[in-house]
1. Can you figure out the FRET efficiency of Leu10 with Ser166, using R₀ = 45 Å and their beta-carbon distance, to the nearest 0.05?
2. For the range 3-167, what is the convex hull (Cα atoms) projected area averaged across all directions, in square nanometres?
3. What's the local net charge at Ser166, with K and R +1, D and E -1, over the other residues with C-beta under 12 Å away?
4. What whole-number distance in Å separates the alpha-carbon centres of the range 35-59 and the range 121-154?
5. Find which of Thr108, Ser163, Phe36 sits farthest along the positive direction of the dipole of the range 3-167, computed with +1 on the beta-carbon of Lys and Arg, -1 on that of Asp and Glu, about the Cα centre.
6. Could you please report the charge total around Leu3, scoring K, R as +1 and D, E as -1 over all other residues with beta-carbon less than 11 angstrom from its beta-carbon?
7. Considering only DSSP beta bridges with both partners in the chain, what is the antiparallel share in %, to the nearest 5?
8. So how strong a dipole does the range 3-167 carry about its Cα centre when Lys and Arg Cβ are +1 and Asp and Glu Cβ are -1, to the nearest 20 debye?
Amino acid sequence: MSLTIQKPELNHAEAISEICSKGWLQTVKYLSNEDFKQDNIDYWYNIDKIQSDIKSGAYTHVAMIDSKVVGVIGGGMTGVNTSEIFVFYMNPDFRYQGIGKKLLQALTSEQVNQGAIEQWVSVQDRNPYGIPFYESRGFVPRNRKVVYTEGDDQLVSIRYWRSLKSFV
C-alpha cells in the first residue's frame, strides 16, 4: 500500500464526486429533506463542476493509495493573510489511518507559503468526523450559522479558526 499526496487531475473527478457525495451525506444524515440533500450533491459534486474546480485550483490535493483516490481537500486564500478549507472528505474505508492529517498538512503548508497566518473551516454541527478532527488540530469554534431548508430542517454550520503562526 503506497500513499501519495498530490495535485488532483481531471480524471480523478469521478472518485472525488463519490467521496464528497458520500461524505456530505454522512454529515447531514439527520436532515429529513432528501430533496435538499440531493440538490446539494447535484450542484457541488457533479463531474463538470468538480473538473472546473480542479482547473481553478479549488480542489488542491488528493490522497492516493496505489492508483485509487481515497481522500480530497481543497482550499484557498480568502484574504491577504487568511486561508480557508473549502472541502475535505475521506473515503470511509480509509479513515483513522493518518491520511486526512497528511492532506491537511499539505494544504496548510501551501497556504502558509502564500502568506496565511490564520485558517478557517466550516463544519456541520453534529459532524462526528470533522469536529473532533479539527479540534484535535488546534481549531476553535468562533461562531455558528443557521440555515433553514425547505421544511423544518435546520442546517447549523460551525465556523472554526486556528492560528498558523506556529507553522511559519
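Since every read-out is calculated from the coordinates, none of them should be taken as a lab result. On a predicted model such as this, the values are computed, not experimentally measured, just so you know. Neighbour counts are summed over all protein chains in view; Cβ atoms, including those assigned to glycine, are modelled from backbone coordinates with ideal geometry.
1. Taking R0 as 45 Å, the efficiency between Leu10 and Ser166 is 0.80.
2. For the range 3-167, the mean projected area of the Cα convex hull comes to 9.4 nm².
3. Summing Lys/Arg as +1 and Asp/Glu as -1 gives +2.
4. Distance between centres, Cα-based: 20 Å.
5. Checking the options against the dipole of the range 3-167, the answer is Ser163.
6. Residues close to Leu3 contribute a combined charge of +1.
7. The antiparallel fraction comes to roughly 90 percent.
8. Roughly 800 debye, rounded to the nearest 20.
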